[in-house]
Every structure is written in structure tokens, then in C-alpha cells.
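Trainee: Sending over a structure as C-alpha cells; questions will come in a sec.
The values are calculated or read from the model by the stated rules, or taken from the named source; none is laboratory data. Here the structure is a predicted model, which means the values were calculated and not measured. For neighbour counting, all protein chains shown are included, and Cβ atoms are generated from backbone atoms with ideal geometry for every residue, glycine included. Calculation scope for accessible area: heavy atoms of the full protein, side chains included, ligands and nucleic acids excluded. Shrake-Rupley method; radii C 1.70, N 1.55, O 1.52, S 1.80 Å.
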Amino acid sequence: QVQLVESGGGLVQAGGSLRLSCTASGNILRFITMGWYRQAPEKQRELVATISSARSTTYADSVKDRFIISRDNAKNTVYLQMNSLKLEDTAIYYCSVVRRGSPTYWGQGTQVTVSS
């Protein structure tokens, strides 16, 4: 079992920034790919970014050049730096272990709300 805890969400004006954190139980992050996902009201959950154990990254086109995913294996933590936030970024953000290209274990999520 893996326990993931997201934090760092909140209310922010468009154009602002937030940094999300996801901390995993144990000492496991060095071995696995991690991902950030989000789910907006009335929409299905979508991939935001991933980072492999070798720190290879992927981003959704909608966030590329605005968001940065990173990891600190010593702290068992994955981060999502979100810059130039848009109204459309409003969602609950989740982190997950990614295996075979698919999410497996979810955290509880953290709410990000962007206002105009």
C-alpha cells in the first residue's frame, strides 16, 4: 500500500502562482513514475504532468510552459509549480503513482481555484 498526501492548493487570482506538493509514505519515490492529474467540475479527470524515476517529464499541452513537475526523492515528495494560472486551471488536483502508463494509487486531492 502507498499513502499519498497532496497539499498547497488554495484560492488565487488569474496570473498568479501556486506550488503543490505530494508526499508519499515510505521511501519509494526513487523507484516509480509519479503524476499529477486534475478534475474540474463537470469534466473527467485528466493528466497534467508526469515525472519518471529518471526525471523524464511529460506535460499536457494546456499547461506546458506554465507548470513544472519536479521531485525530491530524499523527501519522498513530488511538486507541481503552477505559474500564470488561468480560470480554466480550476480543479481538484491529485497525485498518483503511475504504472504501465496509468495511474494507480491516488491521494485525497487538493483544491485549486483561480478567480478572474
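Trainee: First compute the accessible area of the chain with a 1.4 Å probe, then give the percent of it belonging to carbon and sulfur atoms. Intermediate values should be presented prior to the final figure.
Mentor: Values: 3020 of 6220 Å².
Its accessible area is 49 percent carbon and sulfur atoms.
Trainee: If you count only protein heavy atoms with a 1.4 Å probe, what accessible area per residue comes out for segment 12-82, rounded to a whole Å²? Mind showing how you got there, number by number?
Mentor: Details: 3710 Å² over 71 residues.
Here the per-residue accessible area is 52 Å².
Trainee: Could you pull out every one of the aspartates and glutamates with an alpha carbon less than 16 Å from that of Lys64, ignoring same-chain neighbours closer than 8 positions?
Mentor: Filter leaves Glu46, Glu88, Asp89.
Trainee: By how many nm would the segment from Asn73 to Ala54 grow when fully extended, if each residue of separation counts as 0.36 nm and the alpha-carbon distance is taken off?
Mentor: On the way: separation 19, 0.36 × 19 = 6.84 nm, distance 1.10 nm.
Contour length minus the Cα-Cα distance gives 5.7 nm.
Trainee: What whole number of Å gives the distance from the Cα centroid of segment 2-52 to the Cα centroid of segment 64-116?
Mentor: 2 Å
Trainee: At Ala14 and Gln81, where each label point lies 7 Å from the Cα along Cα→Cβ, what is the point-to-point distance in nanometres?
Mentor: 2.4 nm
Trainee: If Lys and Arg each add +1 and Asp and Glu each add -1, what is the summed charge of the other residues whose beta carbon sits under 11 Å from the beta carbon of Ile32? Each step should come with its number before you reach the end.
Mentor: Numbers: positive: Arg30, Arg71, Arg99; negative: none.
So the environment of Ile32 carries a net charge of +3.
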